[in-house]
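Step one of this worksheet: look at the structure below.
The values are calculated or read from the model by the stated rules, or taken from the named source; none is laboratory data. Predicted model, so just to flag it, every value in this text is computed and none were measured. All Cβ positions, glycine included, derive from the backbone under ideal geometry; neighbour counts span all protein chains shown. With ligands, DNA and RNA removed, areas are computed over all heavy atoms of the protein, side chains included. Shrake-Rupley method; radii C 1.70, N 1.55, O 1.52, S 1.80 Å.
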Amino acid sequence: MKLTVLGCSGSLPGPTSAASAYLVEADGARIVVDLGNGGLRELQRHVDYEGLDGVEAVLISHLHPDHFMDLCGYYVALRYGPKRPRRRVPVWGPANTAERLTTAYGEVPDPGMSEEFDFHAYPDEEFDVGPLTVRVARVAHPVPAYAIRLEHAGRALVYSGDTGPTPALAELARGADLFLCESAFREGDDNPPDLHMTGRQAGEHAAEAGVSRLVITHVPPWGDPEHAVTEARAVYDGPVQAASPGATWEV
């Protein structure tokens with residue numbers, strides 16, 4: 001698998017990065033994981049308008065705008081772009097994804113966006129998306145939110161989505177080759193519970209899960225990714241890096 005960071009700014013787009021959006025490629029298939037504000041712009045560096053219907057699937061961690069809002073632009077590209085799509089693009093997410101997206105765009109509920117997207121709610125069991133096996137776990141956030149595990153050819157990539165500390169995340173990340181983990185908060189601040197994690201907490205989850213590599217993401221524009229990396233290194237012995245737009249990793 002190849003992971004490309006399309007956007008990694010936490011909570012809103014920043015001056016140098018789109019909000020959360022990632023591209024995972026395996027055996028010629030492209031899977032988009034989250035598509036927050038500005039993510040569609042970066043996706044077009046890899047997939048042109050005529051290829052957008054060829055994306056294997058979009059996986060949405062939760063329905064806060066910085067993780068899904070550019071699906072509205074994706075819908076416009078599919079509906080009004082240079083050619084009629086050959087297929088509906090599968091979109092996996094929380095149970096109310098279709099309704100929430102339709103409301104955000106201002107579209108009528110029927111047919112909503114169902115002619116462009118093929119919506120699926122996350123199941124309890126693992127499922128396949130092209131060559132990848134996908135498993136999700138509910139994590140700690142004010143709205144229904146999921147961490148996502150992608151497996152291919154004996155390798156595993158885990159994305160935390162947005163979450164406070166939770167054993168469910170460490171369990172999902174167990175033995176992963178790359179752990180892409182949010183670190184929106186700083187140690188020592190008056191951080192509300194069940195919302196986000198600090199770099200230290202990301203490192204603790206990485207250590208508990210025994211992952212091979214930790215990549216820090218979802219640091220807000222007013223934060224410092226390298227500070228989050230330093231926090232994580234205090235409790236996790238493996239390699240730690242901060243995500244940046246355009247960065248890639250082979251998993």
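Within the range 218-234, can one find any residue that is in contact (Cβ under 8 Å) with a residue 12 or more places away in the chain, aromatic (Phe, Trp, Tyr) and under 25 Å from Gly14 (Cα atoms)?
no
Just checking, does the range 48-64 include any residue being more than 26 Å from Gly164 (Cβ to Cβ) and in a strand (DSSP E or B)?
Within the range 48-64, one or more residues are more than 26 Å from Gly164 (Cβ to Cβ) and in a strand (DSSP E or B).
May I ask you to list the residues in the range 60-92 that are among the small types (Gly, Ala, Ser) and either modelled with pLDDT under 95 or closer than 12 Å to Phe117 by Cα (or both)?
Within the range 60-92, Ala77, Gly81 qualify.
Would you check if there is a residue in the range 126-134 being assigned to a helix (DSSP H, G or I), out of contact with any Asp or Glu (no Cβ under 6 Å at 6 or more places or on another chain) and hydrophobic (A, V, I, L, M, F, W, C)?
Looking for residues that are assigned to a helix (DSSP H, G or I), out of contact with any Asp or Glu (no Cβ under 6 Å at 6 or more places or on another chain) and hydrophobic (A, V, I, L, M, F, W, C), one finds none in the range 126-134, hence no.
For the range 233-251, give me each residue that is in a loop (DSSP other than H, G, I, E, B) and over 17 Å from the mean Cα position of the chain (by Cα).
Once the filter is applied, which keeps residues that are in a loop (DSSP other than H, G, I, E, B) and over 17 Å from the mean Cα position of the chain (by Cα), the range 233-251 yields Ala234, Val235, Tyr236, Asp237, Gly238, Pro239.
Of the residues Ala26, Ala21, only one is among the hydrophobic types (A, V, I, L, M, F, W, C), crowded, with 20+ Cβ neighbours inside 10 Å and within 20 Å of Cys181 (Cβ to Cβ); which?
Ala21 is the lone residue from the list that is among the hydrophobic types (A, V, I, L, M, F, W, C), crowded, with 20+ Cβ neighbours inside 10 Å and within 20 Å of Cys181 (Cβ to Cβ).
Sort through Gly223, Gly203 and tell me the only one that's outside any loop (DSSP other than H, G, I, E, B) and surrounded by 16 or more Cβ atoms within 10 Å (Cβ to Cβ).
The conditions single out Gly203.
Enumerate the pairs (first residue in the range 191-214 and within 16 Å of Ala242 (Cβ to Cβ); second residue anywhere and β-branched (Val, Ile, Thr) and open to solvent by 50 Å² or more (accessible area, probe 1.4 Å)) with beta-carbon separation below 8 Å, excluding pairs fewer than 6 apart on the same chain, so at least 6 apart or on different chains.
Listed by first residue and then by second, the contacts come to Gly199/Thr230.
Condition check ((1) of a type outside the set (A, V, I, L, M, F, W, C); (2) touching a residue at least 60 places away in the same chain (Cβ under 8 Å); (3) surrounded by fewer than 24 Cβ atoms within 10 Å (Cβ to Cβ); (4) under 23 Å from Val5 (Cβ atoms)) across all residues:
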site: Gly112; (1), (2), (3), (4): yes, no, yes, no
site: Asp118; (1), (2), (3), (4): yes, no, yes, no
site: Pro123; (1), (2), (3), (4): yes, no, yes, no
site: Val134; (1), (2), (3), (4): no, yes, yes, yes
site: Ile148; (1), (2), (3), (4): no, yes, no, yes
site: Glu182; (1), (2), (3), (4): yes, yes, no, yes
site: Arg186; (1), (2), (3), (4): yes, no, yes, yes
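Could you list all residues from the range 147-192 that are aliphatic (A, V, I, L, M), in contact with a Gly (Cβ under 8 Å, 6 or more places away or on another chain) and assigned to a loop (DSSP other than H, G, I, E, B)?
Hit for the range 147-192 is Ala184, nothing else.
Report, ordered by the first and then the second residue, all pairs with beta carbons closer than 6 Å, sequence separation of six or more or different chains, a first member in the range 68-85 that is in contact (Cβ under 8 Å) with a residue 24 or more places away in the chain, and a second member that is in a loop (DSSP other than H, G, I, E, B).
Partner pairs satisfying both residue conditions: Phe68/Ile60; Met69/Asn37; Tyr75/Met113; Tyr75/Glu116; Leu78/Pro85; Leu78/Glu116; Arg79/Glu116.
Could you look through the range 1-54, keep only residues that are touching a Pro at 6+ places or on another chain (Cβ under 7 Å) and modelled with pLDDT under 95, and pick out the one that is farthest from His67 (Cα to Cα)?
Filtering the range 1-54 for residues that are touching a Pro at 6+ places or on another chain (Cβ under 7 Å) and modelled with pLDDT under 95, the one farthest from His67 (Cα to Cα) comes out as Glu50.
State which residue is most open to solvent (accessible area, probe 1.4 Å) when the search covers only the range 63-96 and only residues that are among the β-branched types (Val, Ile, Thr) and over 15 Å from the mean Cα position of the chain (by Cα).
Residue satisfying both the conditions and the ranking: Val76.
From Gly39, Gly51, which residue is of a type in the set (Gly, Ala, Ser) and free of Cβ contacts under 8 Å to residues at least 24 places away in the same chain?
Result: Gly51 is the single residue among Gly39, Gly51 that is of a type in the set (Gly, Ala, Ser) and free of Cβ contacts under 8 Å to residues at least 24 places away in the same chain.
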